[in-house]
1. Given THR61, THR89, THR85, THR81, which one is out of contact with any Ser or Thr (no Cβ under 9 Å at 6 or more places or on another chain) and within 16 Å of ALA159 (Cβ to Cβ)?
2. If I go through segment 46-57 residue by residue, how many of them are in a helix (DSSP H, G or I) and either farther than 12 Å from ALA173 by Cα or of a type in the set (Gly, Ala, Ser) (or both)?
3. Among the numbered criteria (1) at pLDDT 95 or above; (2) polar (S, T, N, Q); (3) over 20 Å from ALA63 (Cα atoms), which single criterion is violated by THR109?
4. Please go through segment 164-193 and pick out each residue that is modelled with pLDDT of 90 or more and not in a strand (DSSP E or B).
5. Only one residue in LEU112, LEU152, LEU140 is buried (at least 16 other Cβ atoms within 10 Å of the Cβ) and touching a Phe, Trp or Tyr at 6+ places or on another chain (Cβ under 7 Å), so which one is that?
6. Counting only residues that are of a type in the set (Phe, Trp, Tyr) and at pLDDT 90 or above, which one in segment 1-52 is least open to solvent (accessible area, probe 1.4 Å)?
7. Residues being free of Cβ contacts under 8 Å to residues at least 24 places away in the same chain and either of a type outside the set (A, V, I, L, M) or open to solvent by less than 30 Å² (accessible area, probe 1.4 Å) (or both): count how many of those fall in segment 74-100.
Amino acid sequence: MIIPQADPQANYRAQQAAIDAAIRRVLDSGQYILGTETRAFETEFAAYIGQPYGVGVANGTDALALALRACGVDAASEVITVAHTAVATIAAICQTGATPVCIDIDPHTLTLDPDQLAAALTPRTRAIVPVHLYGQPADLGAICAFAERHGLYVIEDCAQAHGAVYQNRRVGAWGHLAASASTRRRISVRSGMVA
């Protein structure tokens, strides 16, 4: 007997009627980009995270790069992130022209170790990008407290943990902005933080 490593068809079969109906709505509307379905997704996903706004974008790299740019990160900036991440996190930082500064993980959570933030901080540091990995949230309490003390933005990379909860609040609801993955990528914006 061959046991498959993954069965993506099982997920489809479990939600087949809803998925097929959504596809039919899009095809019948003739709006394949943006439109009613995208607005509905943005609204529903933002509410799921517990945030007032969500914006659908092309992919996770774009979501992170746009969030960084919205916070004024540019070629004169450094952005602290974790070394244990997908290439998209670093690529997004590089797209802004900023310099990524990678620190190590906490061996228990496999996410950014907040105890290493102080050693990575320089006058050019503008933001921290904690990466929630394997459904495991980073230590957002310590990360956000450090960022607040030093006037830094926190942009959460939730691509591998959307829906995860840290201290009774979903990831994506802690930082100034967040990028997440689901059926589409989105940026979550905390009210009043970005014009």
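The values are calculated or read from the model by the stated rules, or taken from the named source; none is laboratory data. Remember, it's a predicted structure, so these values are computed and weren't measured experimentally. No Cβ is skipped: glycine too gets one built from the backbone with ideal geometry, and neighbour counts run over all protein chains shown. With ligands, DNA and RNA removed, areas are computed over all heavy atoms of the protein, side chains included. Shrake-Rupley method; radii C 1.70, N 1.55, O 1.52, S 1.80 Å.
1. Details: THR61 fails: out of contact with any Ser or Thr (no Cβ under 9 Å at 6 or more places or on another chain); THR89 fails: out of contact with any Ser or Thr (no Cβ under 9 Å at 6 or more places or on another chain); THR81 fails: out of contact with any Ser or Thr (no Cβ under 9 Å at 6 or more places or on another chain).
Checking each option against the conditions leaves just THR85.
2. Within segment 46-57, the subset in a helix (DSSP H, G or I) is 46-49.
Now restrict to residues that are either farther than 12 Å from ALA173 by Cα or of a type in the set (Gly, Ala, Ser) (or both): 46-47.
Result for segment 46-57: 2.
3. Looking at each condition in turn, THR109 falls short on (1).
4. Of segment 164-193, the ones modelled with pLDDT of 90 or more are 164-179.
Scanning segment 164-193 gives ALA164, GLN167, ASN168, VAL171, GLY172, ALA173, TRP174, GLY175, HIS176.
5. Working: LEU112 fails: touching a Phe, Trp or Tyr at 6+ places or on another chain (Cβ under 7 Å); LEU152 fails: touching a Phe, Trp or Tyr at 6+ places or on another chain (Cβ under 7 Å).
Matching residue, one of LEU112, LEU152, LEU140: LEU140.
6. Step one: list which residues in segment 1-52 are of a type in the set (Phe, Trp, Tyr), which gives 12, 32, 41, 45, 48.
Those left that are additionally at pLDDT 90 or above: 12, 45, 48.
Working: TYR12: 85, PHE45: 22, TYR48: 102 Å².
Within segment 1-52, the match that is least open to solvent (accessible area, probe 1.4 Å) is PHE45.
7. In the first step, residues of segment 74-100 are kept if they are free of Cβ contacts under 8 Å to residues at least 24 places away in the same chain; the result is 75, 83, 87, 90, 94, 97, 100.
Subsequent filtering for residues that are either of a type outside the set (A, V, I, L, M) or open to solvent by less than 30 Å² (accessible area, probe 1.4 Å) (or both) retains 94, 97, 100.
Residues that pass the stated criteria total 3.
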